Structures are given as structure tokens and as C-alpha cells.
1. Would you mind giving the mean number of other chain beta-carbons within 10 Å of the Cβ of each residue in B:132-145, as a whole number?
2. Taking every residue in B:323-332, how many Cβ atoms of other protein chains lie within 10 Å of its Cβ, on average?
3. How far, in nm, would the chain grow between B:E379 and B:T25 when pulled straight, counting 0.36 nm per residue and subtracting the alpha carbon separation?
4. Tell me, B:K94, B:K65, B:K194 in order of fewest to most beta-carbon neighbours within 10 Å?
5. How far apart, in nm, are two points set 7 Å out from the Cα along the Cα-to-Cβ line at A:W37 and at B:D297?
6. So what is the orientation-averaged projected area of region B:114-217, using the convex hull of its C-alpha atoms, in nm²?
7. With both bridge residues required to lie in the protein assembly as shown, what share of the DSSP beta bridges run antiparallel, to the nearest 5%?
8. Taking only the alpha-carbon positions of region A:35-95 and ignoring solvent, what does the Debye formula give for the base-10 log of I(q)/I(0) at q = 0.15, 0.17, 0.19, 0.29 Å⁻¹?
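Here, each number is a calculation from the coordinates, and none is a lab measurement. The shown structure was predicted, so the numbers you read here are calculated from the model rather than taken from an experiment. Note that we place each Cβ from the backbone using ideal geometry, even for glycine, and neighbour counts take in every protein chain shown.
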Amino acid sequence: MLSDQEQGELTALLAHCPDRRSLAIDGLVLLQRGRGWIADDTLRELAAFLDMTPVELDSIATFYSRIYRRPVGRHVLAVCDSVSCFLLGGERLLSWLERRLGIRAGQTTPDGLFTLLPTVCLGACDRAPNLLVDERLVGDLSEDKLERLLTELADQPDRLGPEAELVHG
Amino acid sequence: MAELALTRHRHPDGTPRSLAEYTRTGGYLQARRAWQQLTPAELVQLVSRSGLRGRGGAGFPTGKKWSFMPPPDGSPGHRYLICNFDEMEPGTYKDRFLVEGDPHLLIEGMLIAAAACQCDTGYIFLRGEYGVVRERLTRALAEAEQAGWIGAHAGGSDRPFRLHLHLSAGRYICGEETGLLNALEGRRANPRAKPPFPVQVGAWGRPSVVNNVETLGNLPAILREGPDWYRGLGRGADAGTKLYAASGRVRRPHCAELPLGITLRELVFEEMGGMQEGRRFVAALPGGGSTRFLGEDGLDLPLDFGSLQAAGLSLGTGTAIVVDDGVCPVDLLRNLAQFYARESCGWCTPCREGLPWVEGLLRGIEEGTARPGDLELLEEQLGLIGPNTFCAFALGAVQPLASGLQLFHQDFAEHLRLGRCPRRR
């Protein structure tokens, strides 16, 4: 069931949408922010709110890379594997993280702490190689810096906002 | 110091200018003029005369695009101005640079464009990964609304312009303007057939103008200083300044506003401080991933729309990706193909099926599992993908790959001769 708060926030967003279904992506983003990911039940509840079929909403949810249809860890590490980071060793850092965390890109550590994902160019190529921790960009990466970052993140109970303070950021 | 249209008052440390700071340097006076003193026709003419060309990559004349917007015919519904802030072109970070430092510049630019195109509603379509931009724009939009620049009395007039921020959930194809419209409407971002063009049938079926961030950012200066001043800023035939940048192993990778028409040599070896110690310049993609490679013999070409077009190239976003001698060119093309294969929206068969095939062929050559004839197959595939699709995405994907195949043909031959990458043991 959508909570009263979720209903209220969705209804407020509807004010500047010409029709309900236009809210599909905003709605998925909004519910994911509170619930962490989009479970089947969440999808059905939102589809009902938007007057859409669940299967149509799912075709949208799975199209967009920042909508998660599986649970993710406390921190999502999205490592850039596009060309500017590649030139500075970005792909090697992604492989290093796979070995360090004992998971493949696309997976979550068994302790639920980290989800590792590859991502396209993050638009911060002056600081390559980059990754995004939740919403916080961390640039000028090296293996050493990543090692210190992982230790610091293990003590961060909440997802990071875009301007979160980090010692090793 | 050279004259600037975009970054004259920017803080050196990139912290955002507040509304008070922005208005102290003449901010929003041109929005007021646009909404209260100039007619839409005068505005379109003024921007046409300035020679401003779209800064998103295609370089289409902005005034001309606006002139295709049909006049209001009294039919119910909105007229939309949409700012394309998706900036997902690999190697491109100019729009983020501009708006993180000066969010009100974008809002004033949108107000001017909206007055010219008689739009009552605007959207900033922002890529979801740009969290800092989101925070700063949200604050600036609230400031501008409270000060009365946007809202019911746009630019102090008696007409409305309401401006909303839309956050994308991530996919490269959202930067294609008709894909963007579908994403804005909450759909999959598959591109739409053109015609009809967005100016005729755009967001929710209504007339819509889609402009890039940097394009819009130029408008306040064009109105303040006049079209002749703006034209004179360019070094060659193309008008204005450009946000240039570079990435790769250059000494000081950064974004800077420079006269349109500087050469690649000036950009890399002067502005960016040259190559890092021990690295040699090999080639560059001049404007994001979807442009053709320039080798050493291209260092003295002016980086403007006209000069590059005449040489069969394109400026793209003006943010160069610089390749050095420490990188395997075949592996580099494999990495580029991986991006395009993953980001294809899947609508057209040549793009959806062809790009993963190309990626696999390149991987085979790099890793030593290629079969005889794979190079010819690769060339053939690249020729089939580009022209046979709905949107320009596939053609963009082919640009670096096909030109790289030519430029690095010796590296390909060496890989095939050895049956492996010569840099790998």
C-alpha cells in the first residue's frame, strides 16, 4: 500500500503533469528514494495510482538504469567505465573493486553493505577516474583512495547526498 | 583578457553565484527587456543575427530553430521550452561546469528563449547523476520565483512562465531531443519519427523548443552586448565563444570559455598544459565520443563548426578526449563500442544487434580470439549500422569507430599478425 505520505507527494507532483501516466518516471524515483528499490508490489501499487498496467510500468522501470528492480546495498558504488575514465585506468579500478569486494559488477556484498555497478560517463572527466557513491561523486580515484573510502563508508549508516562530507572524497 | 559571454563573473573556485550576486552584475535585466520591451520577432531576429549555433553537438542555428516555432493559434494547452541538460555524451562536462557556478544564467537564458518562442511553461531536463546541479538549481529556481522573475509575471510582465526541474532516471538516449520528450512524458526514451518536428508536435503533442544549456547561457550576453559584439567573439566564421574542455592524460584537464575556432593544438598544448610527463599525443576525439578522430595532422584545424564540417568532421560538444601512447587503440575502440552497445535504446535492429556484434569483434581482435575475416566483417557492419536507423545515435556511434579503424589500421594489422595485443603478455 502507498503510504499517506507517498500518496501526498505523488499527488503534489501531478499538479504540473498533463496526465497521470506522465508521472511514471518521477513516481518510480520518488518511491525508490523511500523504499530503496522497486519491488513487484511497489510496481503494482504505483501502476494502479497511475492508471497503467504493471507490465507497461515495468517496461519503463527496466529501461532506466537508475531504477533498481532488485534490492541494493546500503551504498551503491557506480563506477564509470566510459572512455575518459578508461584512459586513466577506470576499468582496472572496477576489476579491482570486484576482487576487493568478492562480487561481480551488478551484485551486492553478502553483508548488504555495497552494490557494485558499472556506469556511463559521469560528466566529471576533469577528475577521472570517477565513481558515484549513492549521489556523491568521488574523483581522482586510485586503489589506495578506494581502500580508504571503503573503510570510511562502512561507518556511514545513511546513503550519501550529493554534497556529503567525506574525509577520503 | 579576451571577452567572455558566459563566465565573466564566475567565482574562480566554482561556488555558485547567488541571486544577489547575479543581479549586481546586471542579471535578469535582459529577461526584463525580453518580456517587456522586445517583440518575439525582434528577439528571434536578434539571435539569428548573432550567429549563435546550438551547443549540444549538432550546431543548428538557434534563431532558425526558433523561427520554425508556429505562432500561437489560440488552441488550448501549453507551449514548451525545454532545456536539454542530459549531458551524457562521454567526455563532456561543460554544462555541469557552467550551471554549478552560475545557475541563474541558465534561468535568465530560458526566460529570454521563452519570450522569443512565446512559451508559457519550461522544463529543465537534468540527468539524475548531477546531484550538485540539482541542489543549486533547486535553490536558484526558488530564489527566482520569489523575486518574481519566473511564475505568473515572467520578467515583470503580465504573462506567465512556469519553470520545472525534471530529473532523468538515466539513459544516454534521453539526450536525443525526441527521446527526451518521451522521457519527459514518463515513457521509454525511444526516439520519435521526424517530421513532425518538436516545434510542431513536441511534449504532450504541443509546440516545443529544445535547446542545450550552453546555448541558452549565451542569450543574456547576446542581448546585453548586441549581436555584432557576439559575432566578433569568434575567431573564424563561427560566432561567439565556446566552453571547451579536455580529458585524458593532459596536465591540467579543465573546462574553459575560449573564442570559437581555437585549434586543437592550442587547446591541448596551451590551455590544458600539454601531455602528462612521459606521454605522447596520439589522437583526439574533438567533441565527445560521437565525433571522428583527429590525428597529429589535425592539430592545427580550427575547432569550429564550419572548419571541421568542411574537413568531413564535426565539433560535437567541444570537449576533447585526448588519446596518449600508453593506451592500446584497439582496446580504446572496444571500450567505446561497449558504451554504445549498452546505451542503444533497442528500437532499431541495426543499432540494437549491430553494436554488440561490433563490440564482440573488437574484443576478439584485442584478446586474440579473432577469426580470419573479422576485420572485414567489422568494416562491413559499421557501414550497415549508421544509415539504417531512426535517430542519429547509431550514426554517432559509428563516427569514432569507423574513423578509428582507419587511423589505427597499423595497430589492427599488428594485432591480427600476432594473434594478440602487442601490449599484453
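1. Averaged over the peptide's residues, the number is 1.
2. Numbers: counts 2, 2, 0, 2, 5, 0, 0, 0, 2, 3.
Per residue, the average neighbour count from other chains is 2.
3. Values: separation 354, 0.36 × 354 = 127.44 nm, distance 5.43 nm.
Extra length available between B:E379 and B:T25 comes to 122.0 nm.
4. On the way: B:K94 28, B:K65 23, B:K194 13.
Ordered by Cβ neighbours within 10 Å, fewest first: B:K194, B:K65, B:K94.
5. It works out to 5.3 nm between the two label points.
6. Values: hull surface 27.5 nm².
Answer in nm², one decimal: 6.9.
7. On the way: 22 of 50 bridges.
Bridges in the protein assembly as shown that DSSP calls antiparallel: roughly 45 percent.
8. Each listed q corresponds, in turn, to -0.60, -0.68, -0.75, -1.15.
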